[in-house]
Amino acid sequence: MMNFLFGPSADLEIHLDGSDDRKKGDVLLDSGKKEACPVYFDGEAVSGKVNIRLKQSKMEHYGIKVELLGLIEQFSDRSSQHEFLSMARELARPGILTQSCCLEFEFVSVEKPYESYFGVNVKLRYFIRVTVTKRLNDLVKEQDFLVHTLAQYPDTLGGIKMEVGIEDCLHIEFEYNKSKYHLKDAIIGKIYFLLVRIKVRHMEVQILRRELVGVGPNSMSDCETVAKFEIMDGAPVKGETIPIRLFLSGYELTPTMRDVNKRFSVRYFLNLVLIDEEDRRYFKQQEVTLFRRRPNRHRRIAQEQHQSQSADTAQPVHQQPDRSYFHHRSAHFGAKSPAAASGRTAANADGANTANNNDDNEAAVSPGNSDNSSSQSGESNDQ
């Protein structure tokens, strides 16, 4: 009897057209569970049906509407929800439903400017909301869907080539083939040891995702290690070269996002980490750009247009090697190791100047744990 008086008088169900044939992606719900939802692109129409199944002989309502919403929500402050996209359609005027019905809706040429994102401190979601306005409690049903943004960069991009190390202790040269990668790409590179006077025990390459939410003093930064790839186990020798081949398709990555609606940013870094026999960590970070590649049928046209527009300003395939220094708990940029520092000056002036003049694309290296230092560096770079 209580359910009859206060329970919902009808069940709502939203079905998006063509959802069975579309590519699916996981959406993280508030309950913590993942739900497979269809993927849409910018400019595509969103249409579907709303099924209303009555639980009683009739239902009086004051109007039925459907909305398409794009929302940015910060987890630390649920009241700070920001709608960057809002469209509405009226499905039915006030009246009385005497039987179950099916109502159709369509939003044509919807501009979806941002990619869906579900992070540590913020999420960006798109969804359809159906509202049946009633005297006491409105009936509301939501259906999420994903949005993917596409981009394309020319194949002839400048690679990353740098010399890093600690003066008179360790000098290595590392090289990555590109600075921009699509989400199904492979990072190809090599590590060349120019000087080895410390006992290196382990080396790995990490992919770091740095999320910055908000601006100014109220901003929050979080750094997450998305992937770890071991490239060496044991002590290297001078002149040794170690290849790197890291496939990105096996990890949950998103495109790089910069200042999304002036609310948050998501950036990625390659972190080269060395650990010696005394468990000291040496690391150097380099920012890379990730993007979602266009389908094959659009790629050739986009490349031809880009080449015609930027023929006079094409970048060289390889940049000049940059020189900077590793950092660990007991040594600063250019500083000598404790064994080599006795009776000598502590730092090399040229090395310090080089470290201070690093390009903005390089993340500054700081002592201690690489994840914590990455978070501090991300705040300064994004601000």
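A few remarks follow.
- For segment 78-134, a/c is not less than 1.5, where a ≥ b ≥ c are the root eigenvalues of the C-alpha gyration tensor, and a/b tops b/c. That puts it in the prolate class.
- With N as its number of residues, segment 152-304 has a Cα radius of gyration that, divided by 2.2 N^0.38 Å, comes to 1.18.
- For segment 1-139, the alpha carbon positions stretch 44, 33, 24 Å along the principal axes, listed from largest to smallest.
- Residue pairs exceeding 32 angstrom between C-alpha atoms, taken from Lys23/Lys55; Lys112/Lys178; Lys123/Lys228; Lys123/Lys178; Lys23/Lys141; Lys33/Lys190: Lys23/Lys55; Lys33/Lys190.
- A cut-off under 11 angstrom between Cβ atoms defines the neighbours of Lys112, and their net charge, with Lys, Arg +1 and Asp, Glu -1, is -4.
- Once the 1.4 Å probe is applied to the protein heavy atoms, segment 79-166 comes out at 50 Å² accessible per residue.
- Neighbour net charge for Ile244 - beta-carbon separation under 12 angstrom, K R +1, D E -1: -1
- Look at the dipole of segment 10-147 built from charges on Cβ: of Ile96, Val50, Ile14, the Cα furthest out on the positive end belongs to Ile96.
- Exposure rank, largest accessible area first [Arg125, Arg294; 1.4 Å]: Arg294, Arg125
- FRET efficiency, 1/(1 + (r/R0)^6) with R0 41 Å, evaluated for Val120 and Asp168 via beta carbons: 0.50
The values are calculated or read from the model by the stated rules, or taken from the named source; none is laboratory data. Just so it is clear, the structure is predicted and the values come from calculations on it, not from any experiment. Every residue, glycine as well, gets a Cβ built from its backbone with ideal geometry; the counts of neighbours run over all protein chains shown. Surface accessibility is based on the protein's heavy atoms, side chains included, excluding ligands, DNA and RNA. Shrake-Rupley method; radii C 1.70, N 1.55, O 1.52, S 1.80 Å.
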